[in-house]
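What follows is calculated from the coordinates using simple rules that are stated; it is not laboratory data. Quick caveat: nothing in here was measured; it's all calculated off a predicted structure. Every residue, glycine among them, receives a Cβ derived from its backbone with ideal geometry; neighbour counts consider all protein chains shown.
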């Protein structure tokens, strides 16, 4: 596979995944997440900070999209907006009534509950009847390869296992769209590789739409169908890359490495423009 | 390493490098180990008690105020004797009943005020600093007010106990609510926890450590107020610990006084131990104990 096979497309003509038409000509029901000219300003007056500047982004149902950018590019802000934890200053965000859930870099598990209870609480919050909760929770823990660890408290689990519980909890919310904010950023490379495989398997199995934020270029090239590059201060979409898929994905595959190199170059260019 | 196997077999599935973070499996504690750790927790306390008795005895032997001051050799047998009489137990019963009533009342009132102040910004602006102010108020100040309002009755004592303990309990709860980690709040929000369920399943459990700390402090205030109250508000036909103290004071009975003081001290220590145990259990559950910490 060669570099030429990657379609490098400027964002204003960005298509979704190859099966989907671009945002311009697209039918209304086609996007799982659609951001139109979204801006976010923090603060007021002279101290106001423009975190996001007219970001338009469309994620197709079932698509795995990675958002990448240097720190301060508003990646986390963007996810908070999509999750509805915060309101955009301008522009609109539509998830077409799909359920959205957010996973953080920290597992954010409730330390007073066991792993299983953490997952069950998400089921309870959704109104799943008590009788079904236990069974569904066991299924979810099995899905993330944590069967038999349900009785452990978060502090008794390793970092990777905690993120697995957090993933199970996110899945318990029965969301169609999974937003992930650097979820594996604090893990060692080996654990991260394992979790990449798990996440890919679960994403395929459950037909999820994933919007995955990272500052790790390799990770983005490993996981994403599409990699969206954001500029820093203010965050703005500057580039999108389609990642071709043939055969199993691996973080150390030569295609992935070349893809990562291309994206890294683009990011460097962007950073030098900022002088930092 | 088995990073590429799929479907991942169970044992290797979670064996990233982070596996090393897991401690060794918990060993079953043998009776000998339990006995040893119990002994290592007990002997410093026994030593402290022995030291106090020795100092007391030495002071007694110097003959200082020998016409009233009695040594442990007189006081401890007196205590032993009183423990075989119904009067002391009746007094302990009356005092503890007041303690439970007053503290229970303070717990309810403090918790309700705490949760309201934590939830409602206007209320916090209005009474937040008053609660802290009340905490610094010496409880003895309230007795004249209580006596004017309720006369020489149990109600007066309860009134002062509540005023002493409720602010600490309320403040503990408010602090706990304020210190709920924002990340957990965001996690709760994404999960769809709102309003009452948010409090029930996230904010209140998250505030539990600070709440228990407030309850512990509240108990100390309540117990002090109760003792002061029983000495100031003597109620006929209700021989409380305070009444016994007052009697012994009037009779210049040092042995009797010493015995009651020891009883009061022991009750205080026992209740404090309960709170410490609760606090320890909470911290252990949440993994907030340094590794290897026992008592």
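Projected onto its three principal axes, the C-alpha set of region B:96-285 covers 68, 38, 24 Å, listed from the longest axis down. Determine the distance separating the Cα centre of region A:119-184 from the Cα centre of region B:186-224; give it in Å without decimals. Region A:119-184 and region B:186-224 have Cα centres spaced 24 Å from each other.
With viscosity 1.306 mPa s and temperature 10 °C, the Kirkwood radius over alpha carbon pairs of region B:240-295 converts through Stokes-Einstein to a diffusion coefficient of 116 µm²/s.
How far is helix B:204-232 tilted, in degrees, relative to the longest principal axis of the Cα atoms in chain B, given as a value from 0 to 90 rounded to the nearest 10? Computed tilt is about 0 degrees. With only Cα atoms counted, region B:10-169 has Rg and Dmax values of 26.3, 79 Å. The calculated P(r) of chain A, using every Cα pair and 10 Å bins from 0, goes 7, 29, 35, 22, 7, 0 in percent.
Counting Cα-Cα pairs of region A:200-249 in 10 Å increments starting at 0 gives whole-percent bin shares of 21, 52, 22, 5. Note that region A:23-163 shows a convex hull volume over its alpha carbon atoms of 160 Å³ per residue. Derived from the Cα gyration tensor, the three semi-axes of the equivalent ellipsoid of region A:150-203 are 17, 16, 10 Å, largest first. Treating each Cα of region B:137-194 as one equal point scatterer and applying the Debye formula with no solvent, the log10 of I(q)/I(0) at q = 0.20, 0.29 Å⁻¹ comes out as -0.74, -1.04. If you bin all the Cα-Cα distances of region A:77-118 at 10 Å, starting from zero, the percentages per bin are 23, 40, 27, 10, 0. With Rh defined as the Kirkwood radius, the inverse of the mean 1/r over Cα pairs, the Rg/Rh of region B:81-208 is 1.13. The mean count of C-beta atoms from other chains within 10 Å of the C-beta of residues in B:106-112, rounded to a whole number, is 0.
For region A:110-174, dividing the convex hull volume of the Cα atoms by the residue count gives 69 Å³ per residue. Compactness of region A:106-225, taken as the C-alpha radius of gyration over 2.2 N^0.38 Å, stands at 1.02. The fewest-to-most ranking of B:89, B:223, B:64 by surrounding Cβ atoms within 10 Å reads B:64, B:89, B:223. Working note: Cα gyration tensor of the protein assembly as shown, eigenvalues times five, square-rooted, sorted largest first, giving semi-axes of 64, 28, 20 Å.
With contacts taken as Cα pairs under 8 Å at a separation of at least 6 residues, region B:96-285 carries a relative contact order of 24 percent.
Each principal axis of the Cα cloud of region A:186-276 was evaluated for its coordinate range; sorted largest first, these ranges are 41, 28, 26 Å.
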